[in-house]
Amino acid sequence: MSKMSIIADLVRNTSTAIIKIGKIQGVFAKLTQENQENKNFVFTSSGDVKISSESKNLETDYSLSVHLPKEASEMAVKENGSYIGILLFPGIPKLNATSSFFNNQILGIEMGVKISNLSETINIQFSNVNTTGLSVSCVSWDGKSNPTDGARKWITDGCKTIEVNSSITCQCSHLTFFAILMSPGNKNISSSDLKTLTQITKAGCGISLFFLGVTLFMHFLVRKNKASEAVKILMNLFVALFFLNLCFLVNESIAKLKVSAACVAMAAALHYSMLATFTWFFMQALHLYLNLHQISTDIKYYICKICLTGWVIPALLVIGLLASNNYGNVEIYDDNGTSVSMCWITDSTIHLGVNIGYYGIVFIFTLTIFLVTVVQITKFASKADNRDKVSTKKRFFSLLGLFCLLGIGWGFAFFSYGPLLLPSYYIFTIFNSFQGFFLFVYYYFSSRIRPEDRKLSENSSRATENVYITSPYA
């Protein structure tokens, strides 16, 4: 922007000058020391640039217009500013894989001095904007942000977006570069929500990581030899969740190192731990299904076969993606264009196909088993006499534990559309980032069950022996 003053010096002998430098076009106008007035600059569809002091005299066939209030000129003159420079820069590349600037152009407005906090806004109107299926927002360049922190410099602060029919007006209270950021509809979330969700996720993952570690320590050091089949399967899920939370928490730090090999390894580790977690949700449901139908699990090497399936299938998928070079650094953006880096799958189509498809299969099976179990427990509760009845509170927490045990909370991702977009993000984030903690609570209280409750549970039904208020250690 400082180079505009050089151009202004070149045209200092004229009151106004139309500038064309390659594909860049614009206008410079001298500021008089008195009698300031509103100014309107119009970029017509034919490529001309015109100036008018009256908005009613604006061209009807224009692609872009700029209304500059006299307050801005008065402020500039007071600070020894001598010119108004407006330049339109075309051919600007996409901001990222999903977001771009309208007409691939940005508009720069400069008056030689800092202009901000205007009471009457600068109005930049873009015409013939097709916003079908898109989310649009007026953004400005923030020259003060730190370029080393991984964040982009396009912000919405100081600008208001007004959309009327096919035109968009940016009402801004300062001078800098401006553009319309266009993103796929309902894809991006606000920067404040992104920040809140990130804080919840980091806090939840940190807490879950700690309690999962405590649980694994208790199991392997104290109770390993007394574990039932159900607990052995549960511990494998805990291991997968532990590494999922660990990989997620260190992912951003690895991404900021900008070391390609480290980022690929981190992405593969995160993806593997996530797929392994999904697989162990499935194994939990499968083991429960066998118990529901009273199918004997007295199969030779039953746990070994379960473990082999639970850990090898995710590994095969990750090896395939590694071989096809689909891991690397990915930028995630909010509606300001601000981004954070993480190591993940670089192809969004593969991400959707592998992860959504994989979990979709798991979700259908686990949800079915969950609903069947709820029916079984309800039937038992209705048939039990007063002596064998379990309190509603215990029944509720048992089902909540089963809900977490089968990973059904991940299914909220399927509802992230339309008016449910933001609520589903928050529910998804809370349930899944704190899932390790919830499972620790379930594990702790089920292992401390009172002898009389254990007896009632054993009499209730073999179908729910591993999920319904029963001790994981026989």
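The values are calculated or read from the model by the stated rules, or taken from the named source; none is laboratory data. The model shown is predicted, which means the values in this text are computed figures rather than measured ones. Neighbour counts are summed over all protein chains in view; Cβ atoms, including those assigned to glycine, are modelled from backbone coordinates with ideal geometry.
Just checking, does the stretch 72-89 include any residue being assigned to a helix (DSSP H, G or I), at pLDDT below 80 and not basic (Lys, Arg)?
No, because not a single residue in the stretch 72-89 is assigned to a helix (DSSP H, G or I), at pLDDT below 80 and not basic (Lys, Arg).
Considering every residue within the stretch 303-317, establish whether at least one is surrounded by fewer than 17 Cβ atoms within 10 Å (Cβ to Cβ) and not in a helix (DSSP H, G or I).
no
If we keep just the residues of the stretch 332-361 that are surrounded by fewer than 17 Cβ atoms within 10 Å (Cβ to Cβ) and under 17 Å from residue 251 (Cβ atoms), which is modelled with the highest pLDDT?
351
Condition check ((1) modelled with pLDDT of 95 or more; (2) out of contact with any helix residue (DSSP H, G or I) (no Cβ under 9 Å at 6 or more places or on another chain)) across all residues:
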| position | (1), (2) |
| --- | --- |
| 257 | no, no |
| 275 | yes, no |
| 302 | no, no |
| 305 | no, yes |
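Find all pairs meeting these conditions: Cβ atoms under 9 angstrom apart; at least six residues apart or on different chains; first residue within the stretch 111-125 and on the phi < 0 side of the Ramachandran plot and surrounded by 14 or more Cβ atoms within 10 Å (Cβ to Cβ); second residue assigned to a strand (DSSP E or B) and of a type in the set (Phe, Trp, Tyr).
Close Cβ pairs satisfying both conditions: 111/83; 122/178; 124/178; 125/62.
Being within 18 Å of residue 67 (Cβ to Cβ), under 31 Å from the mean Cα position of the chain (by Cα) and part of a strand (DSSP E or B) is the filter here; which residues of the stretch 107-140 pass it?
Listed by number, the residues that qualify are 107, 108, 124, 125, 126, 138, 140.
Tell me which of these residue 151 doesn't satisfy, since it passes every other one: (1) modelled with pLDDT of 85 or more; (2) farther than 23 Å from residue 87 by Cα.
(1)
Quick check on residue 258: is it farther than 28 Å from residue 306 by Cβ and assigned to a helix (DSSP H, G or I)?
No.
List the number of the failed condition for residue 236; all other conditions in (1) out of contact with any Phe, Trp or Tyr (no Cβ under 6 Å at 6 or more places or on another chain); (2) surrounded by 19 or more Cβ atoms within 10 Å (Cβ to Cβ) hold.
Residue 236 satisfies every listed condition except (1).
When you go through (1) more than 24 Å from residue 181 (Cα to Cα); (2) at pLDDT below 90 one by one for residue 93, which number turns out not to apply?
(1)
Where the second residue is modelled with pLDDT of 85 or more and surrounded by 16 or more Cβ atoms within 10 Å (Cβ to Cβ) and the first is outside the structural domain of residue 407 (by TED's automatic domain parsing) and lies in the stretch 357-384, which pairs have Cβ atoms under 7 Å and are six or more apart or on separate chains?
Every condition considered, no pair remains.
Can you pull out the residues in the stretch 68-108 that are over 23 Å from residue 33 (Cα atoms), out of contact with any Gly (no Cβ under 8 Å at 6 or more places or on another chain) and surrounded by 17 or more Cβ atoms within 10 Å (Cβ to Cβ)?
Across the stretch 68-108, the qualifying residues are 100, 101, 102, 103, 106, 107.
Out of everything in the stretch 137-148 that is of a type outside the set (Ser, Thr, Tyr) and at pLDDT below 85, what residue ends up being surrounded by the most Cβ atoms within 10 Å (Cβ to Cβ)?
It comes out as 142.
Which of the following residues is charged (D, E, K, R) and touching a His at 6+ places or on another chain (Cβ under 8 Å): 229, 163, 252?
After applying the criteria, what remains is 229.
Could you please tell me which pairs satisfy a Cβ distance under 7 Å, a separation of 6+ or placement on different chains, a first residue in the stretch 35-56 that is assigned by TED's automatic domain parsing to the domain that holds residue 25, and a second residue that is part of a loop (DSSP other than H, G, I, E, B) and at pLDDT 80 or above?
Listed pairs, sorted by first residue: 38/69; 53/37; 53/38.
Just name the residue that is modelled with the highest pLDDT out of those in the stretch 374-411 that are over 17 Å from residue 443 (Cα atoms) and among the hydroxyl-bearing types (Ser, Thr, Tyr).
Among residues in the stretch 374-411 that are over 17 Å from residue 443 (Cα atoms) and among the hydroxyl-bearing types (Ser, Thr, Tyr), the one modelled with the highest pLDDT is 378.
Please specify each residue of the stretch 282-310 satisfying the condition of being of a type in the set (Phe, Trp, Tyr) and in contact (Cβ under 8 Å) with a residue 60 or more places away in the chain.
If the condition is that a residue be of a type in the set (Phe, Trp, Tyr) and in contact (Cβ under 8 Å) with a residue 60 or more places away in the chain, then 282, 289, 302 are the ones that fit.
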